[in-house]
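The values are calculated or read from the model by the stated rules, or taken from the named source; none is laboratory data. Keep in mind that what you see is a predicted model, and the values were worked out from it rather than measured. With ideal geometry, Cβ positions are generated from the backbone for all residues, glycine too; neighbour counts draw on all protein chains shown.
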Amino acid sequence: MKLNYFLKKIENLIIKKSFNYPKTIIDYFNNNKKTTVLSFSSIGRGRKYIQQNEFFYLTKKYNVLFIKDITRSWFNNIDIKYIKSFLKKNNYAIGFSMGAFNAIIFSTLYPIKKLIAFSPQFSIHPKISEDDTFLNFAAKIKKWKYSKLKFSKNTKYLLIFGDNNKEKYHMSMIPKQKNIKIIVLKNCDHNTAIHLKKKGDLEKIINKFFNDNN
């Protein structure tokens, strides 16, 4: 795995691609609600495309900040100050895959009351993770400020994983904390949010978690 990673690093040095747009793009839906949800996007369809606003239905009930990590940097190129400029009190967060990773990292940098993460990677760094699924993206990250997940003690977390080997691998490295709850979906791969949506359970789970006063 490490050999492939370094080959990709060399390829990226030879074939340099420049971005003519911000590395962090935000769409803010201010609905004059008491709570703001930060929705961190996954990688989407790949680097050629800007990610869509994920979990859009939340705009019916909350102010929603849709945050796109354009370079797919697993938070390493995110403009933190830009995100904070929109926020006040009473913030929740949500994300799938890379978006889940980004949401969790942000919760250690700014007060987030509740956070639901679908299939977060514990890490994609080749020296930390044995999972090479996102090795091509890892090779494009120049500076690793955030190489693995860290959690706040003040945020209530709900993490949802599938039950295949790669999902179990990342789940096994999640620290055991009272404020972290983990759910495993049977017969489900990495696409946990899609799996729940097809079953008609996605909005139910999100609404129950965000509305729970405990």
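Quick notes on this structure:
- Residue match in region 156-166 (condition: touching a residue at least 24 places away in the same chain (Cβ under 8 Å), surrounded by 13 or more Cβ atoms within 10 Å (Cβ to Cβ) and among the polar types (S, T, N, Q)): no
- Selection within region 84-96 - out of contact with any Phe, Trp or Tyr (no Cβ under 7 Å at 6 or more places or on another chain) and not basic (Lys, Arg): Ser85, Asn90, Asn91
- Only residues that are of a type outside the set (A, V, I, L, M, F, W, C) and either within 10 Å of the chain's Cα centre (by Cα) or surrounded by 23 or more Cβ atoms within 10 Å (Cβ to Cβ) (or both) were counted in region 108-123, giving 3.
Yes/no per residue for (1) surrounded by fewer than 22 Cβ atoms within 10 Å (Cβ to Cβ); (2) at pLDDT 95 or above; (3) under 22 Å from His195 (Cβ atoms); (4) among the aromatic types (Phe, Trp, Tyr):
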residue	(1), (2), (3), (4)
Tyr5	yes, no, no, yes
Ile10	yes, no, no, no
Ile15	yes, no, no, no
Phe29	yes, yes, no, yes
Tyr49	yes, no, no, yes
Ile67	no, yes, no, no
Lys81	yes, yes, no, no
Lys89	yes, no, no, no
Ala100	no, yes, yes, no
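- In this structure, Gly95 does not satisfy being touching an Asp or Glu at 6+ places or on another chain (Cβ under 7 Å) and small (Gly, Ala, Ser).
- Every residue from region 31-66 that is aromatic (Phe, Trp, Tyr), farther than 18 Å from Ile112 by Cβ and either in a loop (DSSP other than H, G, I, E, B) or in contact (Cβ under 8 Å) with a residue 24 or more places away in the chain (or both): Tyr49, Tyr57
- Residues located in region 195-213, provided they are farther than 18 Å from Ser39 by Cβ and assigned to a helix (DSSP H, G or I): His195, Lys198, Lys199
- Checking Ile205, Ile180 one by one, the residue that is under 17 Å from the mean Cα position of the chain (by Cα), at pLDDT 95 or above and buried (at least 16 other Cβ atoms within 10 Å of the Cβ) is Ile180 and no other.
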